[in-house]
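Taken together, the values in this text are just the output of simple stated rules run on the coordinates, not laboratory data. Only a predicted model underlies this, so the values are computations on that prediction, with no experimental measurement involved. Don't worry about glycine lacking a Cβ; one is built from the backbone with ideal geometry, like all the others, and counts go over all protein chains shown.
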């Protein structure tokens, strides 16, 4: 009776964050887990804590009845929260492989996802390695800042040595990415097109943008007018308001009328290849980064291409100017400028169809996103192309441009790894002075931090 009373009391003050800390810290009997429906569950890796929308933990590795599965883990206080929070109708949770709850208050044995699949549920309370009160104290202690082994090691090293480690890690990431792309070049002449589109989708619309690129042949778009390209893109994407029945103002009606006339001859050709409007994400995205605006931006990039050529030719032309080889930062800017061409017309004043007008801007793709695509897409694919054609001079110049490219905007991973290694932002900025070193931070994270291979991390094994 006392145990039941304690549980009811605990349910009143325990939140999802606390349960997530228990899961993240592994404060449960990992070797004897059983799901609610009786399956044996073994946790190989709890996953990476997600601060954005979607499941609470990404990239988890869970062995369920002897089979290893990789995906997301969603954490709740009660089993019924899955439906209360509407995850059962949210496609963002279709990558979830395990539902972890503190207490069971639902009758269903299985958790149902939007795609109809069912996943096992773990009742964490049954497997806690200590009482809730003791766990509360322990987690509060764990949350206090402590000196990480890599920080301790880094503090004993000269900054130039740390910089050299990040340079090597950044180049390793660049060359590894290039090697993977070399094989893809054999398969697709539209690889650059697909990768740029994917990058324009950011994290929430990457799959949708890639799907759009894979459904519309590049040869149908290059060298055409921006509005023709927009009509085809928006038609296949399901954005043309006639398809979505969106109410519009006069300016929008005129624009829609023009692109509908362009789209009409293509509508039958793409009848079975259209993307549902419901698949696109707008929530939690800055209006300047809305997929409608990024699609419009891509239309100007493709419009500037030679209809008889390839998209990569536009980038190769930058490297044809040998006199610029000693001005590597200048070459980086020219590559970036390709990805942020000046636009005109409807999308310079709108973020969506029919939305209120904003201050006119001729750039539909921002400088930070363009620079990110240069580093992560354009340069690796250009190097892969140079290797394939055995152009050693081009290989050398591309590698130098990469090594000398200025820093990009920080992201969650670069901030997290820098926070582990450096004392503060000032020290980090004094060492991480190039995009290659930022890529080095990402390489350390994905190759060592995620895999928990601290003992072989370059920072830890350096002399």
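Using a 7 Å offset from the Cα along the Cα-to-Cβ direction at both residue 180 and residue 267, what is the distance between the two label points in nm, to one decimal?
In this crude spin-label approximation the distance works out to 4.0 nm.
Rank these for me by crowding, 131, 106, 203, going from fewest to most other beta carbons within 10 Å.
131, 203, 106
Largest first and to the nearest Å, give the Cα extent of segment 353-463 along each principal axis.
57, 42, 27
Sorted by average packing, counted as other Cβ atoms within 10 angstrom per residue and highest first, what order do 437-448, 116-127 take?
Sorting 437-448, 116-127 by mean packing, highest first, produces 437-448, 116-127.
Among DSSP beta bridges whose residues both lie in segment 2-142, state the antiparallel percentage, nearest 5.
Numbers: 17 of 26 bridges.
Beta bridges within segment 2-142, antiparallel portion: roughly 65 percent.
Which order do peptides 389-398, 373-382 fall in by mean Cβ count within 10 Å, highest first?
Ranked from most to least packed, the peptides come out as 373-382, 389-398.
With a ≥ b ≥ c taken as the square roots of the eigenvalues of the C-alpha gyration tensor of segment 69-158, please select rounded if a/c is under 1.5 and otherwise prolate if a/b is larger than b/c or oblate if it is not?
Verdict is oblate for segment 69-158.
Sort 136, 280, 82 so that the residue with the fewest other Cβ atoms within 10 Å of its own Cβ comes first and the one with the most comes last.
Placing the least packed residue first, the sequence is 136, 280, 82.
Can you classify segment 159-449 as rounded, prolate or oblate using the Cα gyration tensor, where a ≥ b ≥ c are the square roots of its eigenvalues, rounded means a/c under 1.5, and otherwise it's prolate if a/b beats b/c and oblate if not?
It is prolate, given that a/c is not under 1.5 and a/b is the larger ratio.
As a test of the formula, what do you get for the chain when each DSSP H run with n ≥ 4 contributes -39,500 (n - 2.57) and the sum is divided by the residue count, at 222 nm and rounded to the nearest 500 deg cm²/dmol? Spell out each step's value before the answer.
Details: 21 runs with 220 residues, N = 463.
The helix-only estimate for the chain comes to -14000 deg cm²/dmol at 222 nm.
When only C-alpha pairs under 8 Å and at least 6 residues apart count, what is the relative contact order of the chain, in percent?
Worked out over the chain, it gives 14 percent.
With both bridge residues required to lie in the chain, what share of the DSSP beta bridges run antiparallel, to the nearest 5%? Each step should come with its number before you reach the end.
On the way: 18 of 27 bridges.
If I count the DSSP bridges inside the chain, around 65 percent turn out antiparallel.
Mind ranking 267-275, 43-51 by how tightly packed they are, going by the mean number of other C-beta atoms within 10 angstrom, highest first?
So the order, starting with the most tightly packed, is 43-51, 267-275.
Listing 251, 16 from the residue with the fewest other Cβ atoms within 10 Å to the one with the most, what is the order? Display every interim value, and only then the final one.
On the way: 251 13, 16 17.
If I rank by nearby Cβ atoms, fewest first, I get 251, 16.
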